[in-house]
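The values are calculated or read from the model by the stated rules, or taken from the named source; none is laboratory data. Worth saying up front: this structure is predicted, and the values here are computed from it rather than measured. Using ideal geometry, Cβ is built from the backbone for each residue, glycine included, and neighbour counts are taken over all protein chains shown. The protein model used for the area step is the full one, side chains on, heavy atoms only, and it has no ligands, DNA or RNA in it. Shrake-Rupley method; radii C 1.70, N 1.55, O 1.52, S 1.80 Å.
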Amino acid sequence: MPAIRLSTLGTAVTTPDGAPASTTLDMVLPGVPWSAELQLGWGVNALTGQGADLALRPFDVKPASVINLHSQHHQIFNSEQLSSTVSAAVSGSYSIQGSTILASASFLDTVRLSSTSATMLWQLEWIADDYEMADAPEFNPAALKLLKDDPERFREHYGDYFVQGQRRGARMLVVCNASASTREQIRQFGARVSGSMPNVFSMEGATELKHQASESQVSLSITADYVGVPRKVDWRLPGSLEEVPGVKDWFMQVSEGVPLMARLMHYAALDSACPRRVDVPPDRFVELQSLMRLSSRVGVLARSLPSPYQAEYETRATDLATRITAHEASLPRDFELIQRLHDEARTLETDIGRINRHYAVFEAGMEGRREEPAPGERQSAEERRTVRFGHARANEEEAVVEHYRPVEVGGAFLQHKEHVWDERFPGQVILGWSVEVYWGDSGEWWRSDEQHIIGSDHFVLRCRSDLSRGFSYKVRIYTVPRALYQFDLPSD
């Protein structure tokens, strides 16, 4: 991942009451991620982030010759790691976002993070040690005349900055999605790789990661993306971990240097008459950066949701991102719109968080479903005095309700006593249940219905005492509203 610097956002200029009313733009912005809007020597508007006309005379370019090779990796196993990755991918100065391979649609579309999925990234980059620079830049006559006649119209035509330099290189990004059946499997896998992340660009590292995934019962899927590989070349994509080292060698052979980073210079460096002050307070740019990052994070979380929620929330996240992009030119001066979009993004994030919490409860229930005794399998009341299956505790916040069903029957000479719990919970889903033998150290209990209890709305359980004995059972059933837990049941 490239090192992306967030500007200090210039200097605040305050009004008499002390509130920042405008910003004095920084003279130089180095390390700006390259985007399609940028071209060496051409202008950039700091408020809109859009490219502007060429204000310079033709110039020579000073080349950079030293090339450095870098590699790094990132893990996305929790929300903090996701936020850190998105912050690096969606960054910039003022409204000049820039785009990196991490901010591209191909990257964000492949990232997954949920209770049973995670993402790992490896990046290999070769890049020039310094910038190719525009040598002795100066205004062309038309731009200089417009600057002298009307500085504001100059800004409209040519922007605030020009691209003074560019750093060339190429990048290869490997994205590995990990998925599991249970939360515990992903947790174990994350613990295995967090201490020492294997380097998949080597065969030893690829083999080690595959072994760790197998030990944790986690499946892996691999894809790759490139910057600096010509489109005329047939791209090679790794189909497995073992293929990554070979694809890395191919990348190093075919990649060509393209601009990866820009150095922007304010026009005031060429003529002090060029205004550096803009009528937008510095914190407005901070709020805009926050909105962009939140929107990107919400997009990843929406795409990671389980069915049937994924399609609905992915559509909402995509619609939000589209509206942000459509208004990006006006957002710096429209505080109310930034706030409305930010509030909408926060609401979406909250809704997704609620669904993920519900899914964690649902997943705990499904783990218990796999542990339920088989129908007709007799359980000793003496050996299994207290047992719990699934999510066997009430939770008001997640709408888990406990239904207490105790029963006590006295013994009768030379008789077996029996009891059947048979109850339906319309509109509910059973996610857990428990049995506690309160007194009576003999007898047995068992499931008598072929259908699993957990995942259904029907609870059926039977118990039977030993001869001449009674029993006291405390049975608890835990349900949730089906309308809030519309998740797919696992295949048995």
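The portion of the accessible surface of the chain made up by carbon and sulfur, rounded to a whole percent, is 47 (1.4 Å probe; DNA, RNA and ligands excluded). Computed from Cα atoms, the angle from the helix 335-371 axis to the main principal axis of the chain rounds to 30 degrees.
Axis of helix 79-89 versus longest Cα principal axis of the chain: the two differ by about 20°, to the nearest ten degrees.
Per-residue extension of 0.36 nm, minus the Cα-Cα distance of TRP250 and TRP235, leaves a gain of 4.5 nm for this segment.
Measuring with a 1.4 Å probe in the full set of protein chains, what accessible area per residue, in whole Å², belongs to segment 419-463?
Values: 1740 Å² over 45 residues.
About 39 Å² of surface per residue is accessible.
Only loop residues by DSSP count here, and only those with at most 10 other Cβ atoms within 10 Å; note down the trypsin sites (Lys or Arg not before Pro) in segment 214-283 that meet that. Walk me through the numbers before you get to the answer.
Details: sites: ARG231, LYS232, ARG236, LYS248, ARG263, ARG276, ARG277; in loops: ARG231, LYS232, ARG236, ARG276.
Passing sites in segment 214-283 are ARG231, LYS232.
Mind checking which lysines have their C-alpha under 27 Å from LYS474, skipping anything on the same chain fewer than 8 residues away? In chain and number order, the partners are LYS417. Check the straight Cα-Cα distances from LYS248 and name the aspartates and glutamates below 12 Å, setting aside those fewer than 8 residues away within the same chain. The reachable aspartates and glutamates, counting only those whose Cα sits under 12 Å from LYS248, are GLU125, ASP225. In this view, the solvent-accessible surface of ARG187, computed with a 1.4 Å probe and all protein chains in place, comes to about 130 Å². Within straight-line reach of LYS62, meaning a Cα separation under 17 Å, there are no lysines at least 8 residues removed in sequence or on another chain. Taking the longest Cα principal axis of the chain as reference, the axis of helix 203-215 is set at about 30 degrees.
The simple Förster model, with R0 at 35 Å and r as the Cβ-Cβ distance, assigns GLN486 and ASP283 a FRET efficiency of 0.30.
Run the numbers on segment 183-280 and let me know its relative contact order in percent, using alpha-carbon pairs under 8 Å that are six or more apart.
Details: 76 pairs, mean separation 22.9, N = 98.
Reported as a whole number, the value is 23 percent.
Along segment 145-151 the Karplus relation, 6.51 cos²θ - 1.76 cosθ + 1.60 evaluated at θ = phi - 60°, assigns HN-Hα couplings of 5, 5, 4, 5, 7, 7, x Hz to successive residues, with x for each Gly and Pro. Placing R0 at 60 angstrom, the Cβ-Cβ distance between GLU382 and SER179 gives a FRET efficiency of 0.90 after rounding to 0.05.
Model label points for ARG187 and ARG424, set 7 angstrom from Cα along the Cα-to-Cβ axis, are 3.7 nm apart.
Across segment 322-333, computed HN-Hα scalar couplings (Karplus, 6.51 cos²θ - 1.76 cosθ + 1.60, θ = phi - 60°) run 5, 5, 4, 4, 5, 10, 4, 6, 9, 4, x, 9 Hz from first to last residue, x flagging Gly and Pro. Short-range pairs are left out: with C-alpha atoms under 8 Å and at least six residues apart, the relative contact order of the chain is 15 percent. Among the GluC sites (Glu not before Pro) in segment 333-379, those placed in a DSSP loop whose Cβ has at most 16 other Cβ atoms within 10 Å are GLU377. Computed extension length for SER290-GLU156: 45.6 nm, one decimal, from 0.36 nm per residue of separation with the Cα-Cα distance subtracted.
Show me the GluC sites (Glu not before Pro) within segment 195-296 that DSSP assigns to loop and that have at most 15 other Cβ atoms within 10 Å of their Cβ.
Details: sites: GLU204, GLU208, GLU215, GLU242, GLU243, GLU256, GLU287; in loops: GLU256.
Within segment 195-296, the qualifying GluC sites (Glu not before Pro) (loop, at most 15 other Cβ atoms within 10 Å) are GLU256.
Approximating the spin labels as points 7 Å out from Cα along Cα→Cβ, the ASP60-to-ALA399 distance works out to 7.2 nm.
Quick one: length gained pulling SER272 to ASP319 fully straight, 0.36 nm per residue minus the C-alpha distance? Don't skip to the end; give the middle numbers.
Values: separation 47, 0.36 × 47 = 16.92 nm, distance 4.25 nm.
Once the chain is fully extended between SER272 and ASP319, it gains 12.7 nm.
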